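All remarks here apply to the structure that follows.
The values are calculated or read from the model by the stated rules, or taken from the named source; none is laboratory data. What you see is a predicted model; the values in this text were computed from it and never measured. Using ideal geometry, Cβ is built from the backbone for each residue, glycine included, and neighbour counts are taken over all protein chains shown. These area figures cover heavy atoms from the full protein model, side chains too; ligands, DNA and RNA do not enter into them. Shrake-Rupley method; radii C 1.70, N 1.55, O 1.52, S 1.80 Å.
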Amino acid sequence: MCGIVGILNSQSLKSEAIEILKKLEYRGYDSAGISLFSEQKIKTIKSVGKISNLEKKSKNIKDKSFSGVIGHTRWATHGVVNRNNAHPFANENLTLVCNGIIENYGQIQNRYKEIPKNIKSDTEVSFYYLSYLIDKYKDSDEAIKVFQKTIRGNFAFVIFIKRNNCFYILKNGSPISISNKNQSFYICSDSSILSNYHDTIFHCEDGDIIKIYESKISYLQKKLKITFQKNISYQNPYDKGDYQHFMLKEIHEQPSVLKSTQSKYTSEYFVDFETKFRHLFDGDKIVLVGCGTAYHASMVGEYYFNHFTNKEVSTELASELRYKKINKNKQILFIFISQSGETMDTLMALKYVKKMNHKSIVITNSLESSMIREAEVTIPTYAQKEVGVASTKAFTCQLLSLANLALEVGRMEKTISNQIYKTNIGLLTKLPSKIEKLIKEFTPGAKIISKKLAQANACYFIGRNIAYPIALEGSLKLKEISYMHSEGFPGGEMKHGPIALIDKDTITVCLIPKNDLFEKSVSNAQEISARNGKIIILSSVRNMSKINGEIKVINMPKENIIDTPFIYTIPLQLISYYFALYEGTDIDQPRNLAKSVTVE
Ligand code: F6R
């Protein structure tokens, strides 16, 4: 995790570094720091908490006499959140920042007496180790090479060594890119941010050691030429407009991003599907993979494939898949889903299945991400940058991507007729206006429900079939932004254990779309109500009067299997948002979380 910035030769080093760190805050906001440097000196400022604290602390620092800066925003992995464990780690000759984890830091710490034994941060250990190597080897390049050979893990380092006035970038696993024009360089762990600075970009690759010396950039160990390519430019997503939070803005953006994603798919991306994609779908099995919200999208994808095709399909958590045995003799297509395209668990799982010669597709919202560079085929979602840590519009665009994919495969393999295909594409095309109406109509209700939640000790979500992953997603949204205890369950599982949790101080949100499981889902709600649990029912069926007890019924629009997950997601996003607002939590940057999880 963590965000890294480096700038060489710019007029306003400090303010630009801070501006970039603010954009990187989604990668962690436990602490932050910058080191300004030149051939003569290194000056480091660090603070705990958000970048605004660092900004205040560095207000009176003049940056004119410096030639460069490195900066970091931290999501703590090793070592508590405090000023000392904030990056950069620096002395009078060396300063460095790191994104990632050094797995063998304990061994390194034990081996060298020069490294203090009481320090807990893997990066601080790496810092002492590199200082030791710089002292040992007269040549700093040599020290860097030995350093890179010894450390193990997924990381990106940005390092300045004053002794020879050299700047180094090391990459293994974690993303880091460089943009350049004439003498000036910008280095960042999020390449999309660099489009605001120069229009050329270079993405470092695993194993790279890049050196910048007197404005010349070169590989330290490969005899290759570094070629910058044209950078993609992005609209400024860091403007909340009239919204109080990015999350609310992004909830409201769903109709428009779903519309543009669907239109790209039907007019461009999935045109001539068979020619473009047939080779990927001729195997024995499809496995959908993701983490967190993206995992919930994978689960919805499983129901779509199950419904519209005859494919054998299953879902895996990326963090588990990576360590499982995979049958080499079966032909499996793995579909990876990741908003950021950088999640380490997903990236590593992708690398793992590639190594086993299985086919892979990546569905991602980030057109400049590490996964795109690894994937055999990429299906972009066009949700535009999502800034709020809790995923909303990226999730519904992932659902849209999977719905289209399952329909295309079903049509190609003739498990659905042309008519069914067309009807369902029609439903997806109408989805943006349906969602726009739903957001508008449900907002007052969400505010009322949020006040009810404040009186409960825990909130559970239940659903069956395609509504089950949405129950999980509703629960994840609620817990991550409001910190309320919450779980999601398949409705039919309650009686096998979780129903023991129900009492008068709990609220259970029951998702009951009209489908083959409608009656059974109503019974599941009834069973909760019979145990004095309060229930909120979301259903498109109007007459729920036969359920007794303390219930609130929310009328949902009529749904079909293809649009059920979208329709039932929206109210849950709004309930979580308004409850968190009521609770006064930090909605866009909830505690302990980061948007892009680049550690395992
Ligand atoms: C929750 C959320 C996370 C991410 C997960 C995977 O709101 O956003 O659960 O879905 O960390 O991230 P990506 O999709 O970037 O791989």
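Just give me the residues in the range 495-510 being open to solvent by less than 10 Å² (accessible area, probe 1.4 Å) and more than 30 Å from the chain's Cα centre (by Cα), in sequence order.
So the first thing to find is which residues in the range 495-510 are open to solvent by less than 10 Å² (accessible area, probe 1.4 Å), and the list is 506-510.
Hit for the range 495-510 is T506, nothing else.
Select from the range 482-494 the residues that are open to solvent by 30 Å² or more (accessible area, probe 1.4 Å), within 22 Å of the chain's Cα centre (by Cα) and either within 18 Å of G301 (Cβ to Cβ) or in contact (Cβ under 8 Å) with a residue 60 or more places away in the chain (or both) and list them in ascending order.
Once the filter is applied, which keeps residues that are open to solvent by 30 Å² or more (accessible area, probe 1.4 Å), within 22 Å of the chain's Cα centre (by Cα) and either within 18 Å of G301 (Cβ to Cβ) or in contact (Cβ under 8 Å) with a residue 60 or more places away in the chain (or both), the range 482-494 yields only Y483.
Let me confirm something: among K249, K264, K259, which residue is in contact with a strand residue (DSSP E or B) (Cβ under 9 Å, 6 or more places away or on another chain) and assigned to a helix (DSSP H, G or I)? Walk me through how you get there before you give the answer.
Working: K249 fails: in contact with a strand residue (DSSP E or B) (Cβ under 9 Å, 6 or more places away or on another chain); K259 fails: in contact with a strand residue (DSSP E or B) (Cβ under 9 Å, 6 or more places away or on another chain).
Selected residue: K264, the only one of K249, K264, K259 that is in contact with a strand residue (DSSP E or B) (Cβ under 9 Å, 6 or more places away or on another chain) and assigned to a helix (DSSP H, G or I).
Mind listing whichever residues of the range 295-310 are in a helix (DSSP H, G or I) and either more than 16 Å from the ligand (Cβ to nearest atom) or open to solvent by less than 10 Å² (accessible area, probe 1.4 Å) (or both)?
Keep residues of the range 295-310 that are in a helix (DSSP H, G or I), which gives 295-308.
Scanning the range 295-310 gives A297, S298, V300, G301, E302, Y303, Y304, F305, N306, H307, F308.
Within the range 325-337, is there a residue that is touching a Ser or Thr at 6+ places or on another chain (Cβ under 7 Å), within 14 Å of the ligand (Cβ to nearest atom) and free of Cβ contacts under 8 Å to residues at least 60 places away in the same chain? Write out each step before concluding.
Kept after step one, since they are touching a Ser or Thr at 6+ places or on another chain (Cβ under 7 Å), are these residues of the range 325-337: 334, 336-337.
The next check asks that each one be within 14 Å of the ligand (Cβ to nearest atom); those that pass are 336-337.
In the following step, the residues that additionally are free of Cβ contacts under 8 Å to residues at least 60 places away in the same chain were identified as 336.
The answer is yes; a qualifying residue exists.
Out of the residues in the range 311-362 meeting the condition of being open to solvent by 40 Å² or more (accessible area, probe 1.4 Å), modelled with pLDDT under 95 and of a type in the set (S, T, N, Q), tell me which one is farthest from the chain's Cα centre (by Cα).
N329
Name the residues in the range 575-588 that are within 12 Å of the ligand (Cβ to nearest atom), polar (S, T, N, Q) and in a loop (DSSP other than H, G, I, E, B), would you?
none
Conditions: (1) within 16 Å of the ligand (Cβ to nearest atom); (2) part of a helix (DSSP H, G or I). V289 meets all but one. Number of the miss?
(2)
How many residues does the range 445-481 hold that are within 14 Å of the ligand (Cβ to nearest atom) and open to solvent by 10 Å² or more (accessible area, probe 1.4 Å)? Lay out the reasoning, then the answer.
Applying the first criterion (within 14 Å of the ligand (Cβ to nearest atom)) to the range 445-481 yields 469-470, 472-481.
Right, trim to open to solvent by 10 Å² or more (accessible area, probe 1.4 Å) and you get 472, 476, 479-480.
Going through the range 445-481 one residue at a time, the tally reaches 4.
Give the residue, chosen from I178, I159, I101, that is more than 26 Å from I217 (Cβ to Cβ), of a type in the set (A, V, I, L, M) and in a strand (DSSP E or B). Before you say what the answer is, go through the steps one by one.
On the way: I178 fails: more than 26 Å from I217 (Cβ to Cβ); I159 fails: more than 26 Å from I217 (Cβ to Cβ).
Sole residue among the options that is more than 26 Å from I217 (Cβ to Cβ), of a type in the set (A, V, I, L, M) and in a strand (DSSP E or B): I101.
What are the residue pairs meeting all of these: first residue in the range 10-25, first residue closer than 16 Å to K181 by Cα and in contact (Cβ under 8 Å) with a residue 40 or more places away in the chain, second residue part of a helix (DSSP H, G or I) and open to solvent by 30 Å² or more (accessible area, probe 1.4 Å), Cβ atoms under 6 Å, and 6 or more apart or on different chains?
S10/E16
Does the range 452-474 include one or more residues that are acidic (D, E), in a helix (DSSP H, G or I) and under 25 Å from N548 (Cα atoms)?
Of all residues in the range 452-474, those acidic (D, E) come to 473.
Then keep just the ones that are in a helix (DSSP H, G or I); that gives 473.
Among the residues that remain, those that are also under 25 Å from N548 (Cα atoms) are: none.
No, the range 452-474 contains no residue that is acidic (D, E), in a helix (DSSP H, G or I) and under 25 Å from N548 (Cα atoms).
With within 20 Å of D588 (Cβ to Cβ) and either of a type outside the set (F, W, Y) or part of a helix (DSSP H, G or I) (or both) as the only criterion, which of E25, E39, E16 stands out?
Going through E25, E39, E16 in turn, just one is within 20 Å of D588 (Cβ to Cβ) and either of a type outside the set (F, W, Y) or part of a helix (DSSP H, G or I) (or both): E25.
Limited to the range 70-85, what total is found for residues that are over 16 Å from N118 (Cα atoms) and not β-branched (V, I, T)?
First pass over the range 70-85, keeping only residues over 16 Å from N118 (Cα atoms): 70-77.
Remaining after also requiring not β-branched (V, I, T): 71-72, 74-76.
So the count comes out to 5.
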